[in-house]
Amino acid sequence: MPLYDLTRPLSPRTAVYPGDTPVSITPTSQLRNGDMCNVSSIAMSVHAGTHIDAPSHYSDDAPGVDALDLSVLTGPVCVVTLPASPAIDIAALSHIANLSGKGLLVHTRGSDTPDDVFDPGYVCFTAAAAEWLGSQGARLVGIDTPSVDPADSTNLSAHLAFLRYGIIIVENLCLRGVPDGDYRLMALPLKIVNCDAAPARVLLES
Ligand SMILES: [Zn+2]
């Protein structure tokens, strides 16, 4: 059965949200220097590359990424390609049936953005579309762009609507070459205690 890897590679070339800490990988022990083994340390924003947001990203008293529901992160999802548009609105989603208890991964032109490019005009969601997905019973939303809100958002209204419905947000996927349809998701964020997000390896199994 096909297995799709939706994870963007992490390297110093990985594009990060403006102002976020870029990825750096520093050797702290090296065979070539006579050390016993190679060991590296990393520094990066936890929102670099493919990652999962935690409720504590938008609210101080909310749970961290270590508390997310693993049954949702390993549950059923559908992949839907949506035409390019600055923001995904309710009309763009209304043809999608039966989202109750499932996740939705939206495939936009963001999947064609190279890993080392930040596109400030990336596709995102309107707050009304986020509310609508909540009202349909969706459990998780994934997108192939850096955020579910626009780059110039001042109130993160889509993030907050998803939070109200307990919908888990996965960002910076790459869905290039993945046919639309139903899959099982495997999206496992690093278990970083109380953190506002964590990088994840994200796979789909059909
Ligand atoms: Zn994020």
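The values are calculated or read from the model by the stated rules, or taken from the named source; none is laboratory data. Predicted model, so just to flag it, every value in this text is computed and none were measured. For neighbour counting, all protein chains shown are included, and Cβ atoms are generated from backbone atoms with ideal geometry for every residue, glycine included. Areas reflect the complete protein model, heavy atoms only, side chains present, ligands, DNA and RNA absent. Shrake-Rupley method; radii C 1.70, N 1.55, O 1.52, S 1.80 Å.
Listed values, structure above:
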{"quantity": "Positions within segment 146-169 being in contact with an Asp or Glu (Cβ under 6 Å, 6 or more places away or on another chain) and either of a type in the set (Phe, Trp, Tyr) or part of a helix (DSSP H, G or I) (or both), in sequence order", "calculated": "158, 159, 161"}
{"quantity": "Some residue of segment 121-141 being crowded, with 20+ Cβ neighbours inside 10 Å, free of Cβ contacts under 8 Å to residues at least 40 places away in the same chain, more than 16 Å from the ligand (Cβ to nearest atom) and part of a strand (DSSP E or B)", "calculated": "no"}
{"quantity": "Among (1) touching a Cys at 6+ places or on another chain (Cβ under 9 Å); (2) hydroxyl-bearing (Ser, Thr, Tyr); (3) part of a loop (DSSP other than H, G, I, E, B) - the single one residue 111 does not satisfy", "calculated": "(3)"}
{"quantity": "Residues satisfying the stated conditions in segment 154-169, i.e. hydroxyl-bearing (Ser, Thr, Tyr) and without any contact (Cβ under 8 Å) to a residue 24 or more places away in the chain", "calculated": "154"}
{"quantity": "Lone unmet requirement of (1) among the hydrophobic types (A, V, I, L, M, F, W, C); (2) under 24 Å from residue 101 (Cβ atoms); (3) assigned to a strand (DSSP E or B); (4) open to solvent by 70 Å² or more (accessible area, probe 1.4 Å) for residue 1", "calculated": "(3)"}
{"quantity": "Enumeration of residues in segment 176-202 that are over 14 Å from residue 44 (Cβ atoms), in contact with a helix residue (DSSP H, G or I) (Cβ under 6 Å, 6 or more places away or on another chain) and part of a loop (DSSP other than H, G, I, E, B)", "calculated": "176, 191, 193"}
{"quantity": "Segment 56-92: number of residues that are assigned to a helix (DSSP H, G or I), at pLDDT below 95 and among the charged types (D, E, K, R)", "calculated": "0"}
{"quantity": "Hits in segment 167-187 - residues which are away from the ligand (no atom under 16 Å from the Cβ), open to solvent by 20 Å² or more (accessible area, probe 1.4 Å) and hydrophobic (A, V, I, L, M, F, W, C)", "calculated": "186"}
{"quantity": "Check on residue 159, open to solvent by less than 60 Å² (accessible area, probe 1.4 Å) and either touching a His at 6+ places or on another chain (Cβ under 8 Å) or among the charged types (D, E, K, R) (or both)", "calculated": "yes"}
{"quantity": "Tally of residues being open to solvent by less than 70 Å² (accessible area, probe 1.4 Å) and at negative phi across segment 90-106", "calculated": "10"}
